There are 6 protein chains.
Amino acid sequence: MHKQIINSETRICKAIFPNTLNANNSLFGGLIMQWMDEAAYIAATRFTKQRMFTHHVSDMKFIKAVVPNTIAEVIAKVVKADALRLTIKVTLIAEEMYDDNCYTAAESVFTMVALNEQNKPQKLQVHNLETIYY
Amino acid sequence: MHKQIINSETRICKAIFPNTLNANNSLFGGLIMQWMDEAAYIAATRFTKQRMFTHHVSDMKFIKAVVPNTIAEVIAKVVKADALRLTIKVTLIAEEMYDDNCYTAAESVFTMVALNEQNKPQKLQVHNLETIYY
Amino acid sequence: MHKQIINSETRICKAIFPNTLNANNSLFGGLIMQWMDEAAYIAATRFTKQRMFTHHVSDMKFIKAVVPNTIAEVIAKVVKADALRLTIKVTLIAEEMYDDNCYTAAESVFTMVALNEQNKPQKLQVHNLETIYY
Amino acid sequence: MHKQIINSETRICKAIFPNTLNANNSLFGGLIMQWMDEAAYIAATRFTKQRMFTHHVSDMKFIKAVVPNTIAEVIAKVVKADALRLTIKVTLIAEEMYDDNCYTAAESVFTMVALNEQNKPQKLQVHNLETIYY
Amino acid sequence: MHKQIINSETRICKAIFPNTLNANNSLFGGLIMQWMDEAAYIAATRFTKQRMFTHHVSDMKFIKAVVPNTIAEVIAKVVKADALRLTIKVTLIAEEMYDDNCYTAAESVFTMVALNEQNKPQKLQVHNLETIYY
Amino acid sequence: MHKQIINSETRICKAIFPNTLNANNSLFGGLIMQWMDEAAYIAATRFTKQRMFTHHVSDMKFIKAVVPNTIAEVIAKVVKADALRLTIKVTLIAEEMYDDNCYTAAESVFTMVALNEQNKPQKLQVHNLETIYY
């Protein structure tokens with residue numbers, strides 16, 4: 001199971017270009033959420049190999065504004081699985097381009113479910129359910 | 001104050017075009033979150049006339065998948081204000097294009113803060129603080 | 001009929017982010033037209049519940065450049081309906097973020113038609129035709 | 001002057017990809033208008049070498065829906081210049097990918113003005129004003 | 001054949017807007033490649049009227065950074081055809097908006113192939129194969 | 001040095017959504033190149049902590065079309081450094097969503113240079129130059 005978690009870990013790196021900025025000249029939070037949702041979706045799909053959907057997002061925290069001259073790395077990792085839901089922790093690590101500073105800029109918890117072609121809930125095809133991994 | 005809430009209410013209507021779809025042929029959740037964040041930001045800015053940032057999002061619920069032939073309307077409304085934080089309820093109403101059906105497809109609660117040019121927290125310039133409106 | 005007009009009114013709010021600017025550092029006119037066309041399309045679809053297309057745009061006026069630190073609200077409203085065409089007035093209201101100023105930045109008139117799946121013109125399914133509402 | 005018109009002619013070719021489609025599975029009209037505005041802006045800038053803005057668009061006609069398996073070419077050409085305004089004809093030629101058919105899918109007339117850095121109107125730096133070229 | 005080359009020549013003009021810039025405030029190279037690929041694809045499709053794919057790109061040279069206040073014109077031209085491959089030269093000409101300077105900012109060579117609906121290679125339906133045109 | 005290579009490795013995962021497709025219903029090659037350029041840029045910036053630019057791309061090979069129901073992972077890795085140039089290998093790994101198949105769909109070699117604020121070439125601030133790592 002540990003191997004399955006490692007293999008499903010998903011990273012999206014983005015450089016802060018002007019088209020990612022909001023009116024305050026920092027990284028647009030809506031874009032952070034979009035990247036996080038895509039990362040969570042990919043991690044969930046890799047983990048289950050089923051047709052996954054975002055069901056719920058809790059505790060999306062914007063910790064520090066991300067400014068130009070920064071690299072943003074979104075990391076999605078499965079942290080829990082039960083019969084019907086997958087819990088995925090998603091973190092945005094900001095890294096200064098011309099310095100060695102790194103910090104967690106945003107984080108959140110995604111709950112993903114599997115739906116069939118008629119969008120009806122499906123059991124997750126994973127082993128060792130109900131275990132908390134982190 | 002009631003007038004200020006009404007005046008700051010913010011709506012973003014979107015038609016479901018192919019460029020809004022995910023791999024499951026339904027509206028991409030990350031895009032819903034992006035539209036919600038922009039609507040919450042505009043409502044907060046209209047309410048305070050200050051430099052607003054998203055601080056926290058709680059309880060983002062995806063209630064029903066939004067499929068093609070649908071119109072999506074994101075509605076952001078201020079529901080609470082205290083000295084430092086504005087609470088905004090954001091709802092996605094889905095409306096079938098060729099039928100009269102409407103349903104709530106997603107909802108969430110955004111907490112917004114005011115920051116100055118150095119990104120330091122500022123008091124909100126609103127009256128009658130600590131009141132819950134809804 | 002009055003109620004149908006009110007119910008079909010469509011609003012798209014947008015904050016002026018760097019990715020909306022042209023080479024003159026003001027809101028790109030092509031984007032204004034794109035937002036207006038989407039708003040007109042949604043208003044027309046809500047009004048008729050038919051498969052609508054933009055047929056003609058007249059008198060697209062750019063009245064004042066929209067600069068950063070502005071909120072833009074596109075408002076589309078049905079103003080006339082006859083057997084084959086719907087006329088929709090679309091206005092862009094600009095609102096300064098950190099001030100109370102509002103002004104009409106752009107306006108235009110869209111003519112929409114209904115087409116069937118073979119893209120052949122269809123009669124509009126509306127009552128009280130040929131009436132000018134505004 | 002004739003040479004200046006030829007040199008300022010501007011073409012934008014686009015293939016119809018899924019991200020260009022509307023809810024009716026044809027090329028989104030708002031995107032056509034966006035491409036036309038960018039083409040008109042470039043043609044005007046090439047002609048005057050001044051800071052140009054779209055002032056007015058008249059008679060935007062959508063003649064035929066553009067469907068997948070089509071190449072779209074937007075062509076902007078200066079057709080008139082007076083002391084303060086440049087008139088530009090913009091045409092969208094649709095060309096079937098796997099056939100030899102070509103047709104005019106949309107056309108419009110853009111009026112462009114020159115503004116200085118304070119967004120005040122400027123005289124156009126062109127010769128032989130008031131002449132109609134086409 | 002010469003006429004076929006001229007007719008398939010494809011131009012995409014773009015103005016340098018903030019949403020085209022990288023973190024160094026110059027035109028994002030990845031966007032240049034995207035525009036070049038679309039131009040090469042259109043030129044190849046116009047030339048063969050077959051279902052074309054990019055197979056190989058060689059020698060993509062970024063000669064000079066393209067900065068704001070510039071117009072970029074991507075030009076794709078067929079330079080060679082044999083039984084299975086089309087060779088297309090793509091050039092990015094940069095033109096200063098408020099000056100008469102023009103320079104080649106980037107260039108590359110694309111090799112395109114025809115595939116059928118099952119993505120199997122197809123012979124090109126062109127005459128006078130193996131001829132080098134430029 | 002080995003640690004520096006590992007730390008600068010950059011991954012961008014993307015799910016194949018309809019807005020990533022070309023006219024042939026497969027992943028648009030221009031978008032692959034855009035993702036690769038952003039990944040190469042980030043890897044180069046992480047490695048040197050200098051202001052990096054793409055100078056040259058060689059041997060961009062599109063090996064297999066990427067179709068819907070696939071996850072794409074772009075991986076950029078530094079493979080060589082000398083006094084003025086960084087060589088970066090970029091690979092696109094395609095992974096079937098609902099199967100265990102993985103394959104290399106595209107690959108290329110990027111050469112990156114450092115420029116100062118006046119866009120003049122700079123020496124790379126790396127150790128053990130001229131070494132080939134892979």
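How far apart are the residue F:58 label points across copies, placing each 7 Å from Cα toward Cβ, in nm, shortest first?
Ordered by distance, the counterparts are at 1.1, 5.4, 5.8, 5.8, 6.2 nm.
Give the accessible area for residue D:102 in Å² (nearest 10); use a 1.4 Å probe, count only protein heavy atoms, and leave out ligands, DNA and RNA.
The accessible area of residue D:102 comes to roughly 80 Å².
Between copies, how far does the label point of residue A:102 sit from its twins, in nm, shortest first, when each point is 7 Å from Cα along Cα→Cβ?
From this label point to the equivalent ones elsewhere in the assembly: 2.2, 4.9, 4.9, 4.9, 5.6 nm.
Distance from the Cα centre of the stretch A:30-80 to that of the stretch B:40-117, in angstrom?
Each part reduced to its Cα centre gives a spacing of 19 Å.
Can you give the accessible area per residue of chain C, in Å², using a 1.4 Å probe?
Value for chain C: 40 Å² per residue.
With a cut-off of at most 14 other beta carbons within 10 Å, and DSSP calling the residue loop, which trypsin sites (Lys or Arg not before Pro) in the stretch F:1-98 qualify? Please list them.
F:64
Per-residue HN-Hα couplings for the stretch B:102-111, Karplus 6.51 cos²θ - 1.76 cosθ + 1.60 at θ = phi - 60°, whole Hz, x for Gly and Pro?
10, 7, 7, 9, 7, 7, 6, 10, 9, 10
Give me the net charge for the shell around residue C:73: Cβ to Cβ below 15 angstrom, other residues only, Lys and Arg +1, Asp and Glu -1.
-1
At residue D:6, with labels set 7 Å past Cα in the Cβ direction, how many nm apart are the copies from this one, shortest first?
Output for residue D:6: 1.2, 6.2, 6.4, 6.4, 6.7 nm, nearest copy listed first.
Within the stretch B:74-130, which chymotrypsin sites (Phe, Trp or Tyr not before Pro) sit in a loop by DSSP and count at most 15 neighbouring Cβ atoms inside 10 Å?
B:98
Determine the calculated [θ] at 222 nm for chain D from helices alone, applying -39500 (n - 2.57) to every DSSP H run no shorter than 4 residues and normalising by the residue count; nearest 500 deg cm²/dmol.
Taken over chain D, the calculation gives -6500 deg cm²/dmol.
For the stretch D:15-77, with the dipole built from +1 on Lys and Arg beta-carbon atoms and -1 on Asp and Glu ones, taken about the Cα centre, which of D:29, D:47, D:74 lies farthest toward the positive end?
Farthest along the dipole direction, towards plus: D:47.
Which lysines, if any, have their Cα less than 25 Å from the Cα of residue B:3, not counting same-chain residues under 8 positions apart?
The reachable lysines, counting only those whose Cα sits under 25 Å from residue B:3, are B:49, B:77, B:80, B:89, B:123, C:3, C:14, C:77.
Can you give the local net charge around residue D:13? Use residues other than it whose beta-carbon is closer than 15 angstrom to its beta-carbon, Lys and Arg +1, Asp and Glu -1.
-3
For a paramagnetic label modelled at 7 Å from the Cα of residue C:117 toward its Cβ, which residues of the stretch D:17-49 fall within the zone defined by backbone nitrogen distances under 19 Å?
It comes to D:22-27, nothing else.
Treating chain B as a set of equal point scatterers at the Cα positions, no solvent, please give the Debye-formula log₁₀ I(q)/I(0) at q = 0.17 Å⁻¹.
For chain B, the Cα-only Debye profile gives -0.85.
What whole-number volume per residue, in cubic angstrom, does the convex hull of the C-alpha atoms of the protein assembly as shown give?
Here the figure is 169 Å³ per residue.
What's the local net charge at residue D:59, with K and R +1, D and E -1, over the other residues with C-beta under 11 Å away?
0
How far, in whole Å, is the closest Cβ of chain E from the axis that maps E onto D, and which residue does it belong to?
Its Cβ sits closest to the axis: E:11, 2.
Jot down the radius of gyration and Dmax of the stretch F:58-106, Cα atoms only, both in angstrom.
Spelled out, the Cα radius of gyration and Dmax of the stretch F:58-106 are 13.6, 45 Å.
The values are calculated or read from the model by the stated rules, or taken from the named source; none is laboratory data. On a predicted model such as this, the values are computed, not experimentally measured, just so you know. Counting neighbours? That spans all protein chains shown, and the Cβs are built from the backbone with ideal geometry, glycine included. All accessible areas refer to the heavy atoms of the entire protein, side chains included, with ligands and DNA or RNA removed. Shrake-Rupley method; radii C 1.70, N 1.55, O 1.52, S 1.80 Å.
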